Amino acid sequence: MGKLFLVPTPIGNLEDITFRAIRVLKEADLILAEDTRNSGKLLKHFEIQTQMQSHHMHNEHKTVDNIVSRIKAGETVALISDAGTPAISDPGFLLTRACVEAGIEVDCLPGATAFVPALVNSGLPNDKFVFEGFLPVKKGRQTRLKILAEETRTMVFYESPHKLLKTLGNFVEYFGEERKVSVSREITKMHEETIRGTATEVLQYYTDHPPKGEIVIVVEGKS
């Protein structure tokens, strides 16, 4: 029987990949990539010639059984996402669960993920925190925000740049104007920045400075 590796890839700076990750990707029989065009650039940079197959949120339900069969037949498969650690707001959970249920060994390598540096860099308490990922876009959004308004642990969210102002406005409305917020943008990249302040202050900043790039929001818990 083969094995499934979950391999983190850089979220920006290519130096943030580990030696072990490069070796695993080179030795694997197959690499499952969220976007083969995007991952192809990464593999070319590190001279990795392993065969790739597309594995993303739109086809993972259909491909899992075949991949499990290939691993049971002896192949070693490595799963990567476009950036960061697979299964953290990216494809990976369904395949991991299927492999665990089939008795296949799963090995997740340590490596890059956006929320950890954003959390540590925020200056907010990180001894206890809750990772929320992306808030619901429409259905269930208000309900979730009302629940989170009572959360006492530090909260971590992912958000896209064109929805950041809406989300910060929601935080002002549901959490209060003075709730502390830290927004980290373009982590590990050339234009990386972290803006800290009250919900109102951070909302005003990004109203005046339209955001671009990948965003992590860290929010103080209720006192």
Let me spell it out: the conditions are (1) surrounded by 14 or more Cβ atoms within 10 Å (Cβ to Cβ); (2) part of a loop (DSSP other than H, G, I, E, B); (3) not β-branched (Val, Ile, Thr), and Glu177 meets all of them except one. Which number is the exception?
(1)
Unmet criterion (only one of (1) touching a residue at least 12 places away in the same chain (Cβ under 8 Å); (2) within 28 Å of Glu132 (Cα to Cα); (3) among the basic types (Lys, Arg)) for Arg20
(2)
Could you tell me which numbered condition Leu25 fails, if it satisfies all but one of (1) in a helix (DSSP H, G or I); (2) open to solvent by 70 Å² or more (accessible area, probe 1.4 Å)?
(2)
Considering segment 166-201 alone, what residues qualify as being within 20 Å of the chain's Cα centre (by Cα), farther than 16 Å from Lys222 by Cα and not aliphatic (A, V, I, L, M)?
Thr167, Ser184, Arg185, Glu186, Thr188, Lys189, His191, Glu192, Glu193, Thr194
Need the failing condition index for Glu60 against (1) out of contact with any Lys or Arg (no Cβ under 9 Å at 6 or more places or on another chain); (2) at pLDDT 95 or above; (3) among the acidic types (Asp, Glu), just the number.
(2)
Between residues in segment 139-153 that are touching a residue at least 12 places away in the same chain (Cβ under 8 Å) and residues that are hydroxyl-bearing (Ser, Thr, Tyr) and outside any loop (DSSP other than H, G, I, E, B), which pairs lie under 6 Å by C-beta distance while being six or more apart or on different chains?
Leu145/Tyr174; Ala149/Tyr174
With respect to Glu47, determine if the residue is open to solvent by 70 Å² or more (accessible area, probe 1.4 Å), of a type in the set (D, E, K, R) and at positive phi.
yes
Verdict on Val183 being open to solvent by less than 30 Å² (accessible area, probe 1.4 Å), assigned to a strand (DSSP E or B) and either closer than 22 Å to Glu214 by Cα or at pLDDT 95 or above (or both)
yes
Within segment 28-55, how many residues are within 18 Å of Ala102 (Cβ to Cβ) and assigned to a helix (DSSP H, G or I)?
0
Can you pull out the residues in segment 28-46 that are under 17 Å from Ile67 (Cα atoms) and aliphatic (A, V, I, L, M)?
Ala28, Leu30, Ile31, Leu32, Ala33
When segment 186-222 is checked residue by residue, the ones that are among the aliphatic types (A, V, I, L, M) and loosely packed, with under 15 Cβ neighbours inside 10 Å are Met190
Top-ranked residue of segment 56-68 - restricted to ones that are in a helix (DSSP H, G or I) and open to solvent by less than 70 Å² (accessible area, probe 1.4 Å), ranked as nearest to Gly103 (Cα to Cα)
Val68
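The values are calculated or read from the model by the stated rules, or taken from the named source; none is laboratory data. Model, not experiment: these values are computed from the prediction. Note that we place each Cβ from the backbone using ideal geometry, even for glycine, and neighbour counts take in every protein chain shown. With ligands, DNA and RNA removed, areas are computed over all heavy atoms of the protein, side chains included. Shrake-Rupley method; radii C 1.70, N 1.55, O 1.52, S 1.80 Å.
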